[in-house]
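In what follows, a single structure is set out as structure tokens and then discussed.
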Amino acid sequence: MQADISSSTGVAALAGARVGVVGLGRTGLAVVDVLTGLGARVSVFDSRPGAIDALPDALGADTAAGLADATAGDDAHIAAAVADSDLRLLVVSPGVPATGPVLAAARAAHIETWSEIELAWRFQRASARPDVPWLAVTGTDGKTTTVGMLAQILTAAGLNASAVGNIGDPVITTVAAGRADALAVELSSFQLHSTHTLSPLAAACLNLAPDHLDWHGSLDAYRADKARVYARTRRAAVYNTADAATLTMVEDADVAEGCRAIGFTTAIPALGQIGCVEDLLIDRAYHPDRRRSGAQLATLDDLAHLAPGGDATRLPAHVVADALAAAALALATDAVAADPTAIARGLRAYQPGAHRIVTVAEAGGVTWIDDSKATNPHSAQAALTALPPGTGVWIVGGDTKGASFDELVRAVRPHLRGAVVIGRDQRAVAGALARQAPGLPVTTIPDGNPQDVTDAAVAAAAALARPGDTVMLAPACASWDQFDSYAQRGDLFAQAAARAADGEVRH
């Protein structure tokens, strides 16, 4: 008789087990590779017939030939195949909706579902290095920046540390390689939904705002999946003092005995918090004498390279908050606790990824900023409210993911000179602008191919901008309605902005 997968903390029970993998992107292929190596009998499912056809090249002919079967089709077709199978486990891509037919079919058939994160954690615990610390980060916004900073701090402390998960390499790839001393893990709500036994050394939910409601079905379901990051946390549950929802998550979490709640704040820190005193980042959470004083961890100058013009006094508050969260997580490790100077060195070494508040052109007193990664209202608000009053020309719109925009427009209106609306369906964004920003100059761009949409948006923004202004692509929406990805959207914007700066705007 086969061991019960759900009751096993390791992966030995997967040998000979019938396991399905839904989604054959980079992460899905890595999962298939590991599962076949463990001796599982693997069936694969993907909505793209081309992904099935490419399996011999993607996995190798022998591995592909050893698959139990491969199914291509839409979600309904895959759900029917799952329901009619003898699968004992389904490892699902983050793109598979919680409320969709595939997971509904798995539940009805009593098939356990794991994320790639769940598989990677169990693989780690069964490996030769079961105690490699995982530092887990989720939140509506700031995850990628915080995880990037965290990985640099860990590296500065002498660890072989990787930024993985929803950023960088799939976690399962890094764990299977067995070389990491610590993992800085970015976790989306999608990944957390099917993660069941993860027990990180430290965890943080940076913030919570409505997002991905079409995937989760409700804000309560979205919040519940975000809160899963704290379950079984062993040393530090890090929360945002400016976001009460994150503290409530910590208070309600079933953490390991001895785990401490650590707050981060851009204000002066209270006992048990990490925060700012003037231009200093101060620890009153881990410092041995924290009841009477704080310990300096870094200065705002260590983050100056992330500010417009390299001026630390212009650092957006959310960048400082991300650095504080990274420091709070890093100090949970023995290596950084022994050498807290690694925090300043790591922050200085951190470089932001593409499409995250990146200046892509400057000319005629106008600055062009690509923040295509701002795929929800909360993220766009953080970027736009950092601009001086009345100086922003906002390029906004795309796949709204069911979000509302009235609160966002109300918050950013004082910072705007005008707005340019893109997207296949502009009603939600245009309606919010009409209600909350009457009198603001607004240009709408007709639907079209990605290049034409971008060129038209940049031309309209250039016509609205004045010297001293900033044109910011902060769409507050996903890109999938008109672009292949937020990266393509940002790349096309950067190219068009460079042409605009050279006086070559195409109408």
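Tell me, what ³J(HN,Hα) does each residue in region 253-262 have, in order and in whole Hz, if you take phi through Karplus 6.51 cos²θ - 1.76 cosθ + 1.60 with θ = phi - 60° and put x for Gly and Pro?
6, 8, 8, 6, 4, x, 5, 10, 8, 10
Kirkwood Rh and Cα-based Rg: tell me the resulting Rg over Rh for region 414-466, rounded to two decimals.
Reported Rg/Rh, Kirkwood definition of Rh: 0.97.
Which far-off residues, 5 or more places away or on another chain, put their amide H under 5 Å from the one on Asn376, with H placed in the peptide plane?
Long-range HN contacts for Asn376: Ala476, Cys477.
What is the sum of charges around Asp311, taking Lys and Arg as +1, Asp and Glu as -1, for the other residues whose C-beta is under 15 Å from the C-beta of Asp311?
Around Asp311, the surrounding residues sum to -3.
Taking all protein chains in place and a 1.4 Å probe, what share, in percent, of the accessible surface of region 350-472 do carbon and sulfur account for?
52
Can you list residues from other chains, or at least 5 along the same chain, whose modelled amide H is less than 5 Å from the amide H of Ala68?
Result for Ala68 returns Val42, Ser43.
With both bridge residues required to lie in region 1-129, what share of the DSSP beta bridges run antiparallel, to the nearest 5%?
Approximately 0 percent, going by the DSSP bridge assignments.
What does the charge count around Ala203 come to, taking other residues whose C-beta lies under 10 Å from its C-beta (Lys +1, Arg +1, Asp -1, Glu -1)?
For residues surrounding Ala203, the net value is +4.
Using a cut-off of under 17 Å, list every residue of region 231-251 whose amide N is near the label point 7 Å from the Cα of Ala267 along the Cα-to-beta-carbon line.
Within reach of a label on Ala267, which here means backbone N under 17 Å from a point 7 Å along Cα→Cβ, region 231-251 contributes 239-248.
Taking 0.36 nm per residue of sequence separation and subtracting the Cα-Cα distance, how much length would be gained by fully extending the chain between Ser199 and Asp334, in nm to one decimal?
In short, 46.9 nm is gained.
For a distance above 15 Å, tell me the whole-number percent of Cα pairs in region 408-507 that qualify.
Result for the distance tail: 61 percent.
At a 1.4 Å probe, what is the % contribution of carbon and sulfur to the accessible area of region 1-101?
52
What does the helix-only formula give at 222 nm for the chain: each DSSP H stretch with n ≥ 4 adding -39500 (n - 2.57), the total divided by the residues, and the result rounded to the nearest 500 deg cm²/dmol?
So the calculated ellipticity at 222 nm is -10500 deg cm²/dmol.
So if I place +1 on the C-beta of Lys and Arg and -1 on the C-beta of Asp and Glu, and nothing else carries charge, what would the dipole magnitude of region 10-62 be about its Cα centre? I want it in debye, nearest 20.
Dipole of region 10-62, to the nearest 20 debye: 200 debye.
Rounded to whole Hz and in sequence order, give me ³J(HN,Hα) for region 405-416 from the Karplus expression 6.51 cos²θ - 1.76 cosθ + 1.60, θ = phi - 60°, writing x for Gly and Pro.
Karplus-based 3J(HN,Hα) across region 405-416 equals 10, 4, 4, 4, 4, 4, 6, 9, 3, x, 9, 9 Hz.
Mind checking the per residue accessible area of the chain for me, 1.4 Å probe, whole number of Å²?
Normalised by residue count, the accessible surface of the chain is 39 Å².
In the chain, if the dipole is taken from +1 on Lys/Arg beta carbons and -1 on Asp/Glu beta carbons about the Cα centre, which of Thr444, Thr233, Ala500 is farthest to the positive end?
Thr233
What is the extension gain from Ala128 to Ala177, computed as 0.36 nm multiplied by their sequence separation minus the C-alpha to C-alpha distance, in nm to one decimal?
Residue separation times 0.36 nm, minus the Cα-Cα distance, leaves 16.5 nm.
Considering the convex hull of the alpha carbon atoms of region 341-486, report its projected area averaged over all viewing directions, in nm², one decimal.
Orientation-averaged projected area of the Cα hull: 9.3 nm².
In whole percent, how big is the carbon plus sulfur part of the accessible area of region 150-299, probe 1.4 Å, protein atoms only?
Reported share for carbon and sulfur atoms: 48 percent.
Taking H placed 1.01 Å from N in the peptide plane, check which residues at least 5 places from Val366 or on another chain put their amide H under 5 Å from its amide H.
Those lying under 5 Å, H to H, from Val366 are Gly468.
The values are calculated or read from the model by the stated rules, or taken from the named source; none is laboratory data. All values derive from a computational prediction rather than experimental measurement. Quick reminder, even Gly has a Cβ in these numbers, built from the backbone with ideal geometry, and neighbours come from all protein chains shown. The protein model used for the area step is the full one, side chains on, heavy atoms only, and it has no ligands, DNA or RNA in it. Shrake-Rupley method; radii C 1.70, N 1.55, O 1.52, S 1.80 Å.
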